[in-house]
Amino acid sequence: MKPIFPTTLLLVEDSPGDVRLTQEAFRDANQDVHLHVAWDGTEAMAFLNRQGANLNAPRPDLILLDLNLPKMDGREVLARIKEDENLKTIPTVILTTSEAEADIDQSYRLKANCYLNKPVELESFEALVKSINDFWLTKVKLPQQRQVG
Amino acid sequence: MKVIGGDGMPVEVLLVEDSPGDVRLTQEAFRDANSSIHLSVAADGVEAMAFLKHVGMHANSPRPDLILLDLNLPKMDGREVLAHIKEDDDLKTIPTVILTTSDAESDIVKSYQLQANCYLTKPVQLDAFESLVKSINDFWLTKAKLPQQRPTV
């Protein structure tokens, strides 16, 4: 079953290297993914709330969120998404280098849909992106609601 | 790296499902996918909550690492079970995956509003069902980091 609309992803990530790798891995995994990047937490919230230059930003089908971000921390971005009646249904996957149990527990408490560790090895990173695509964008049913901007 | 189910600890999965056929298929598919899974079954919503709250005959029930929850259940609906889990400070961190035949948009949206971690539809075809269980195992029990806390009972 081919989606009629491209799948819109928002990647919130401050490392240019990780952004590049994620873009390339999604390009290999799924041609229908349209990946937007926010480089810090403030930019992520502006994108989601369609503020400033983001007036016509699409609603993401899935958010990939790093925890350690400049300006506004990933934990605060997560809390704001999940407290917002309009945004809370967007599945939000934490993608971080932190393996700290405190971060895992706090993220699930803040209603992260899932917590993943960024592998250091390139091949493992590509495999992880592929499994995000295979599971979240193929098997999982995502809310279809697309508010008009 | 700590692996769920490592250190001789089985992975605890709670399946909340009232159809004996689906229970059997899920058990068999998990047995094929991952032999360190210990699958407990609650046949309705009231039993699921008793299991999670260690009530009555469930006094020694293990804390699940993952919950698979059907929506349409006798006694207490899956939506209500989900709401109870996600309102409970102790239980809310347990990833709860909706596994249902409903593909109604209203059920999907409502489940995410109630903080389901993800929503999956049960395929009718046997092959597709087995492949879905394998994906649940590969993603949630292999790739995802789950909270490790296991309070002593």
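The values are calculated or read from the model by the stated rules, or taken from the named source; none is laboratory data. Everything quoted here is computed from the prediction, not taken from an experiment. Note that each Cβ is placed from the backbone with ideal geometry, even for glycine, and that neighbours are counted across all protein chains shown.
Within segment A:72-122, restricting attention to residues that are facing chain B (nearest Cβ under 10 Å) and basic (K, R), the residue that is farthest from B:K110 (Cα to Cα) is A:R109. Only residues that are closer than 19 Å to B:T93 by Cβ, surrounded by fewer than 24 Cβ atoms within 10 Å (Cβ to Cβ) and of a type outside the set (A, V, I, L, M, F, W, C) were counted in segment A:77-96, giving 5.
For B:D103, state whether it is more than 12 Å from chain A (Cβ to nearest Cβ), closer than 27 Å to A:V129 by Cα and surrounded by fewer than 19 Cβ atoms within 10 Å (Cβ to Cβ). No. Mind checking whether some residue in segment B:112-126 is more than 17 Å from the chain's Cα centre (by Cα), at the interface with chain A (Cβ under 9 Å from one of its Cβ atoms) and not small (G, A, S)? Among the residues of segment B:112-126, at least one is more than 17 Å from the chain's Cα centre (by Cα), at the interface with chain A (Cβ under 9 Å from one of its Cβ atoms) and not small (G, A, S), which makes the answer yes.
Being farther than 25 Å from A:D105 by Cβ and not aromatic (F, W, Y) narrows it down to one of A:A79, A:A25, so name that one.
Numbers: A:A79 fails: farther than 25 Å from A:D105 by Cβ.
Just one listed residue meets the conditions, A:A25.
With respect to the conditions (1) under 12 Å from the mean Cα position of the chain (by Cα); (2) hydrophobic (A, V, I, L, M, F, W, C); (3) modelled with pLDDT under 95, B:M57 lacks only one, and its number is (1). For segment B:96-114, indicate whether the set of residues that are closer than 22 Å to B:I37 by Cβ, in a helix (DSSP H, G or I) and among the hydrophobic types (A, V, I, L, M, F, W, C) is non-empty. For segment B:96-114, residues closer than 22 Å to B:I37 by Cβ, in a helix (DSSP H, G or I) and among the hydrophobic types (A, V, I, L, M, F, W, C): absent. Of the residues A:E43, A:E99, the single one that is surrounded by fewer than 20 Cβ atoms within 10 Å (Cβ to Cβ) and among the charged types (D, E, K, R) is A:E99. The listed residues are B:K143, B:K110, B:K92, and the only one of them that is surrounded by fewer than 20 Cβ atoms within 10 Å (Cβ to Cβ), closer than 19 Å to B:M9 by Cβ and without any contact (Cβ under 8 Å) to a residue 40 or more places away in the chain turns out to be B:K143.
I'm checking my understanding of the structure. Among residues of segment A:126-145 that are more than 8 Å from chain B (Cβ to nearest Cβ) and out of contact with any helix residue (DSSP H, G or I) (no Cβ under 6 Å at 6 or more places or on another chain), which one is surrounded by the fewest Cβ atoms within 10 Å (Cβ to Cβ)?
So the first thing to find is which residues in segment A:126-145 are more than 8 Å from chain B (Cβ to nearest Cβ), and the list is A:126-127, A:129-130, A:132-133, A:137-138.
Subset that is out of contact with any helix residue (DSSP H, G or I) (no Cβ under 6 Å at 6 or more places or on another chain): A:127, A:132, A:137-138.
Values: A:A127: 15, A:I132: 25, A:L137: 19, A:T138: 13.
The selected residue is A:T138.
Selection of segment A:34-64 for residues being on the phi > 0 side of the Ramachandran plot and either polar (S, T, N, Q) or in a loop (DSSP other than H, G, I, E, B) (or both) yields only A:R50.
Only residues that are among the basic types (K, R) and free of Cβ contacts under 8 Å to residues at least 60 places away in the same chain: list them for segment A:48-91, please.
Of segment A:48-91, the ones among the basic types (K, R) are A:50, A:59, A:71, A:75, A:80, A:82, A:88.
Of everything in segment A:48-91, those that are among the basic types (K, R) and free of Cβ contacts under 8 Å to residues at least 60 places away in the same chain turn out to be A:K71, A:R75, A:R80, A:K82, A:K88.
Could you go through segment A:21-33 and let me know if any residue there is among the small types (G, A, S) and at positive phi. No, segment A:21-33 has no match at all.
Specify which of the listed residues (B:V81, B:V46, B:V23) is free of Cβ contacts under 8 Å to residues at least 24 places away in the same chain and part of a helix (DSSP H, G or I).
On the way: B:V81 fails: free of Cβ contacts under 8 Å to residues at least 24 places away in the same chain; B:V46 fails: free of Cβ contacts under 8 Å to residues at least 24 places away in the same chain.
Among B:V81, B:V46, B:V23, only B:V23 is free of Cβ contacts under 8 Å to residues at least 24 places away in the same chain and part of a helix (DSSP H, G or I).
Tell me whether segment A:14-34 contains one or more residues that are of a type outside the set (S, T, Y), at pLDDT 95 or above, closer than 30 Å to B:A128 by Cα and buried (at least 18 other Cβ atoms within 10 Å of the Cβ). No: zero hits.
The single residue among A:L87, A:L67, A:L78 that is over 17 Å from A:F135 (Cα atoms), of a type in the set (A, V, I, L, M, F, W, C), part of a loop (DSSP other than H, G, I, E, B) and touching a Ser or Thr at 6+ places or on another chain (Cβ under 8 Å) turns out to be A:L67. Of all residues in segment A:97-149, those that are over 30 Å from B:A104 (Cβ atoms) and part of a helix (DSSP H, G or I) total 14.
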